[in-house]
1. Using packing as a proxy for protection, rank 419-428, 75-84, 244-253 so that the peptide with the highest average count of other Cβ atoms within 10 Å comes first.
2. Contour minus end-to-end for E392 and A278, with contour as 0.36 nm per residue of separation and end-to-end as the Cα-Cα distance?
3. Separation of the stretch 116-151 and the stretch 179-249 by C-alpha centroid, Å?
4. Which of the three applies to the stretch 187-239, rounded, prolate or oblate, going by the alpha-carbon gyration tensor with a ≥ b ≥ c and a/c under 1.5 meaning rounded?
5. For a protection proxy built on the mean count of beta-carbon atoms within 10 angstrom, sort 340-353, 23-36 highest first, please.
6. When the helices in the chain are scored as -39500 (n - 2.57) per DSSP H run of 4 or longer and the sum is shared across all residues, what 222 nm value do you end up with, to the nearest 500 deg cm²/dmol?
7. Once a ≥ b ≥ c are taken as the square roots of the eigenvalues of the Cα gyration tensor of the stretch 200-437, is the result rounded (a/c under 1.5), prolate (a/b larger than b/c) or oblate (a/b not larger than b/c)?
8. When DSSP beta bridges are limited to those with both residues in the chain, what percentage is antiparallel, rounded to the nearest 5?
Amino acid sequence: MRIAIIGGGYVGLVSGACFAEFGVSVAVVEADAAKRQMLLGGQIPIYEPGLDRLVADNVAAGRLTFPAALEEGIHDAEAVFIAVGTPTRRGDGHADLTYVFAAVEQVLRALDHPVVIVTKSTVPVGTGRKILELARELRPDLAVDVASNPEFLREGSAIGDFMRPDRVVVGAESERAREVLRQLYRPLNLIETPIVFTGLESAELIKYAANGFLAMKITFINEMADLCEKVGADVNDIAKGIGLDGRIGRKFLHAGPGFGGSCFPKDTLALMRIAEEAGAPSRLIQSVVAVNDARKEAMAARVVAACGGDVTGKTIAVLGLAFKPETDDMREAPSLPLVRGLISRGARVQAFDPEAMTQARPLLPESVVLAADTAEALTGADALVLVTEWNEFRALAPAKLKELMRGNAVIDLRNVFDPKAMREAGFIYSGIGRAAS
Ligand code: UDX
């Protein structure tokens, strides 16, 4: 089986490499010549564990190619996946579909045989049907099918998520489209992965509903954390105590500085707009967006309070800048408003992240010192703020902190340190939703 994937970004590259690993012949069409050259040279423009190896192996095996021309990529393809970006449109919060429709139009004009056009990018409900209409209009001579196959890949564990998903969602209207997708995902039969077949609109909405629900779950536990701090409870116990109820589930109940990343902020905003425009506004999702935005903005004030109410002239070590571990992605990272807020309140910030330093530099105020490593960030610091829970930060022993730091404030925005051990070592420890005792 042969497929083409339009867009060699995060989703296109991971999906392409994984389908190739399944034994499919995959042509990833990347319009950006510089990016294409990098890929051809075996360089992966993003940090994703295992992806470089998977791409290299499949290129070497001849299953994964990066053709220069779209025509070359889609010639012979049975399915063409659209995996271009859908950023938030400036001004109204909707997903910007410029790239999606440009890609679809280019594909339709270049086609010399019928294919199934599959959207992998997260697109607003109704996009699949618009693509179908465009296909009928531009290529009445070809029986083009359309399917929606949303991705549920987490950055940092995208390959595992693709190879061992909880489910695959396929929205399709024709048996041929369903059959092509069924064939593509056949290797997952071995691990009994359910494939949920739906109509186009439902598949498109499933993606938003899934991300909206997960974002809501995080926001809920974050609010519970605030309440815990007021009433002397511990949010980790709350998460465990409610999460063991199978109806609630244990995952995505880690309280923290608010969610960031390329998906949750964008998709919750888009879902909010979709629901408003459809005449069924979601007050829950509106609240999730507002509460999370406010939470990220409030983290600087929380740090200032933990430092005794004033950070003027104080040196603050910020550990972790990426929006989560195992990625270099800085999009909507809680570290950004936090660091800006600390700088504007007169603090000196020494920051370190194992992967995101290059990405972070242009986004941070110039006065922020980007340290070479964890130890350098901590050296002479009055306070430590842990923002992203990279493993190397989890392993930091109180004795090491004592040795490097000048002050004794530890603000743990991910609840990774042991409060008791910290306090016994003489630190003034504050976590998220953890009782002060
Ligand atoms: C997410 C979805 O998980 C994935 O299915 C979807 O396709 C894309 O968006 P991703 O953004 O890569 O993936 O990261 P994820 O691990 O889900 O974390 C998102 C954000 O939520 C991060 O900022 C993370 O720190 C935060 N988070 C997550 C919490 O604060 N608490 C949690 O319990 C879980």
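We did not get these values from a lab; they are worked out from the coordinates using the rules stated. Since this is a predicted model, take the numbers as computed values, not measurements. Cβ placement follows ideal geometry from the backbone for every residue including glycine, while neighbour counts extend to all protein chains displayed.
1. On the way: 419-428: 15.3, 75-84: 22.9, 244-253: 11.6.
Top to bottom by mean Cβ count within 10 Å: 75-84, 419-428, 244-253.
2. 36.4 nm
3. So the separation of the two Cα centres works out to 27 Å.
4. oblate
5. On the way: 340-353: 20.9, 23-36: 18.9.
Descending packing order for the listed peptides: 340-353, 23-36.
6. After summing the helix terms and dividing by the residues of the chain, the value is -13000 deg cm²/dmol.
7. Prolate, since a/c reaches 1.5 and a/b exceeds b/c.
8. Restricted to the chain, the bridges split so that about 5 percent are antiparallel.
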